[in-house]
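**Q** I have a structure here, written as structure tokens, and I will follow up with some questions on it.
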Amino acid sequence: MSAVNDTKFQPAVFLLSGIPGQEKFHVWISIPFCLIYIISILGNSVILFIIKIDPKLHEPMYIFLSMLAVTDIGISLSTLPTVLSIFWFNSREISFDACFAQLFFIHWFTLTESSVLLSMAFDRFVAICNPLRYDSILTAPRIAKMALVSLLRGVALIFPLPILLKQYQYCHANVLSHSYCLNQEVMKMACSDISAHSIYSFFGKLASLGLDILLILLSYVMILKAVLSITSNAERLKALNTCVSHICVVLLFYMLSISLSVIHRFMKSSSPLVQTVMGNVYLLVPPLMNPIVYSVKTKAIRVRIIRVFVK
């Protein structure tokens, strides 16, 4: 009997949990989730629309903001199908290929968002530390190259993950404790030796998110140094005010990312509910808050939105 129980097999599907232990409330839980998705997609779409129709906003800062909005929409659309299918229709099954595809897109868009935040930090660095050369440094071709590098870096680092996961054998437990497929969750299901995958995931995250955080911190050290050299208090505040929105978005994104990584790596005994809630917060809150932060804190965006909707 034990030999039968220990037999490894390849399950046909993974089962997604939704919110563990709260299955009877899934219909009610779907209401705030649905509102978050609607506000996230509409909010980021409004940002894109406003930037597109106003020639005055066709500047590097707002081009990077439009790139951020696109990645936020991508993150929302990557998780939306399985989340709502679980909450509305109790459809928990997801095939291997669909799971690995969703895993790829979720991690690709989040890594691309990190690259965009780094590009936005570079934009603020040039604008404050070298304003006279701003237009000559951040030209349209150079911005296009930065966007292409952000996309390709994400593909290069994330694409091996589903490829490696697809080679593994999986045990009897095929229930994932989220409403979507994440690399950390699928890894737990494998019966095979995943040490190489774990090492690659760790160093890949260190070389991407870790490096981005370091470079963003370095850029703000240089920005702070330049701002402190300004004699006029009014000019100092004006310079710092252009960075407030970006700082808020950066803190939100990376604090949630670090918190989720700590829970997965060092708090494995924590409740599945805690891990699920943190996973949802990490993927749902930044796309929700980013357009709100930029609409409130960026005068040009705020004024243009008011003009459009008043008309």
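**Q** Compute log10 of I(q)/I(0) for segment 42-112 with the Debye formula, placing one identical point scatterer on every Cα and leaving out solvent, at q = 0.18, 0.19, 0.25 Å⁻¹, to two decimals.
**A** So the normalised log intensities are -0.75, -0.80, -1.05.
**Q** At Val13 and Leu42, where each label point lies 7 Å from the Cα along Cα→Cβ, what is the point-to-point distance in nanometres?
**A** 3.3
**Q** Let me ask something else about it. Charges on Cβ only, +1 for Lys and Arg, -1 for Asp and Glu, centred on the Cα centroid of the chain; of Phe109, Phe122, Asn44, which one is farthest towards the dipole's positive end?
**A** Phe122
**Q** Work out, step by step, the length gained on full extension between Lys145 and Ser229: first 0.36 nm times the residue separation, then minus their alpha carbon distance; give nm to one decimal. Working shown, then result.
**A** Details: separation 84, 0.36 × 84 = 30.24 nm, distance 3.21 nm.
Length difference between fully extended and current span is 27.0 nm.
**Q** Please report the orientation-averaged projected area of the chain, defined via the convex hull of its C-alpha atoms, in nm². Kindly include the intermediate steps, with their values, before the conclusion.
**A** On the way: hull surface 75.2 nm².
Its Cα hull, projected and averaged over all orientations, spans 18.8 nm².
**Q** Could you identify which residue out of Ile50, Ile199, Ile292 has the top mean-square fluctuation in a GNM of the chain using Cα springs shorter than 10 Å?
**A** Ile199
**Q** Could you give the length gained on full extension between Leu215 and Ile258, defined as 0.36 nm per residue of separation minus the Cα-Cα distance, in nm?
**A** 13.9 nm
**Q** Then there's this: Given the C-alpha centroids of segment 188-208 and segment 110-166, what is the distance between them in whole angstrom?
**A** 25
**Q** May I pose another question? Pick out which of Ile38, Ile158, Ile128 has the largest mean-square fluctuation in a Gaussian network model of the chain, springs linking Cα atoms closer than 10 Å.
**A** Ile38
**Q** For the chain, take the longest principal axis of its alpha carbons; what is the angle in degrees between that and the long axis of helix 140-158, to the nearest 10 within 0 to 90?
**A** That helix lies at roughly 20 degrees to the long axis.
**Q** Pairs Lys145/Lys205; Lys166/Lys205; Lys52/Lys166; Lys52/Lys145; Lys24/Lys188; Lys56/Lys297: which exceed 29 Å Cα-Cα?
**A** Values: Lys145/Lys205 23 Å; Lys166/Lys205 20 Å; Lys52/Lys166 41 Å; Lys52/Lys145 20 Å; Lys24/Lys188 26 Å; Lys56/Lys297 18 Å.
Checking Cα-Cα distances, Lys52/Lys166 exceed 29 Å.
**Q** Given 0.36 nm per residue, what is the gain on full extension from Asn130 to Leu273 after removing their alpha carbon distance, in nm?
**A** Values: separation 143, 0.36 × 143 = 51.48 nm, distance 4.79 nm.
Between Asn130 and Leu273, full extension yields an extra 46.7 nm.
**Q** Given +1 on the Cβ of Lys and Arg, -1 on the Cβ of Asp and Glu, and no further charges, what dipole in debye does the chain carry about its Cα centre, rounded to the nearest 20? Working shown, then result.
**A** Numbers: 24 positive and 14 negative charges, 189 e Å.
Dipole about the Cα centre, nearest 20: 900 debye.
**Q** Have a look at Asn130, Asn183, Asn233 and tell me which one the Gaussian network model of the chain (Cα, springs below 10 Å) gives the largest fluctuation.
**A** Asn233
**Q** Relative to the longest principal axis of the C-alpha atoms of the chain, give the angle of the C-alpha long axis of helix 211-228, reported between 0 and 90° and rounded to the nearest 10°.
**A** The helix 211-228 is inclined about 20 degrees to the chain.
**Q** Shifting gears a bit: Residue by residue through segment 108-124, what is 3J(HN,Hα) from phi via Karplus (6.51 cos²θ - 1.76 cosθ + 1.60, θ = phi - 60°)? Round to whole Hz and write x for glycine and proline.
**A** So the J values, rounded to whole Hz, are 5, 5, 5, 5, 5, 4, 4, 5, 5, 4, 5, 4, 5, 5, 5, 4, 5.
Every number in this text was worked out from the coordinates using simple rules, so none of it is lab data. In this text, all values refer to a predicted model and were calculated from it rather than measured experimentally. Positions of Cβ are backbone-derived with ideal geometry, glycine not excepted, and every protein chain shown enters the neighbour counts.
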